[in-house]
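Here is the structure we will look at.
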Amino acid sequence: MKKFKFTIRGNEYEVHINSFEDNIAEVDVNGSIYQVELQEEVKTTKTPKLVRPNPVQTKETKPKPVTGLSKVEAPLPGTIVKINIKEGDAVNKGQVIMIMEAMKMENNILAEKDGVVNKVHVSEGESVLQGDLLVEIE
């Protein structure tokens, strides 16, 4: 019927399924005949398994500390709905500095570091494109 090759703990086995009736299979393992009782059918998935190669590691990069001027840019095209800060305000990292509507959803725009708002480049109701400069924090 079918032939298989298995490697178990470094040992190779040639398995031939001679016959299969009900839940009993007669198998030949490296010349020895065995009667094997199957408990239940093992179902295999038809979904392919995605295997990605490991990325090439060139050198380890460490995140750079955020110092100096931080420029907050629009993550995607949208409209500025609300601005929660003004020039001169102190902000904390992670603070919601404005709300932007994009793709019919409101998105919080967060401060990327602690600091003081140096310049606000947009106003409420203004449309922006991805990558447009919104705020400078120093």
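Per-residue answers, yes or no, for (1) surrounded by 10 or more Cβ atoms within 10 Å (Cβ to Cβ); (2) of a type in the set (Gly, Ala, Ser); (3) touching a Ser or Thr at 6+ places or on another chain (Cβ under 8 Å); (4) at pLDDT below 70:
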| site | (1), (2), (3), (4) |
| --- | --- |
| 2 | no, no, no, no |
| 8 | no, no, no, no |
| 24 | yes, no, no, no |
| 31 | no, yes, no, no |
| 46 | no, no, no, no |
| 53 | no, no, no, no |
| 57 | no, no, no, yes |
| 60 | no, no, no, yes |
| 68 | no, yes, no, no |
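The set of residues in segment 96-110 that are loosely packed, with under 15 Cβ neighbours inside 10 Å and among the polar types (S, T, N, Q) contains only 108.
So that you can scan it fast, the table gives a plain yes or no per residue for (1) modelled with pLDDT under 90; (2) over 14 Å from residue 123 (Cα atoms); (3) not in a strand (DSSP E or B):
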position	(1), (2), (3)
63	yes, yes, yes
81	no, no, no
93	no, yes, yes
100	no, no, no
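The residues of segment 113-138 that are under 13 Å from residue 98 (Cβ atoms) and outside any strand (DSSP E or B), listed by number, are 121, 122, 123, 124, 125, 126, 132.
Of all residues in segment 111-125, none satisfies the criterion of being of a type in the set (Ser, Thr, Tyr) and crowded, with 17+ Cβ neighbours inside 10 Å.
The values are calculated or read from the model by the stated rules, or taken from the named source; none is laboratory data. Bear in mind the structure is a predicted one, so any value in this text is a computation, not a measurement. Positions of Cβ are backbone-derived with ideal geometry, glycine not excepted, and every protein chain shown enters the neighbour counts.
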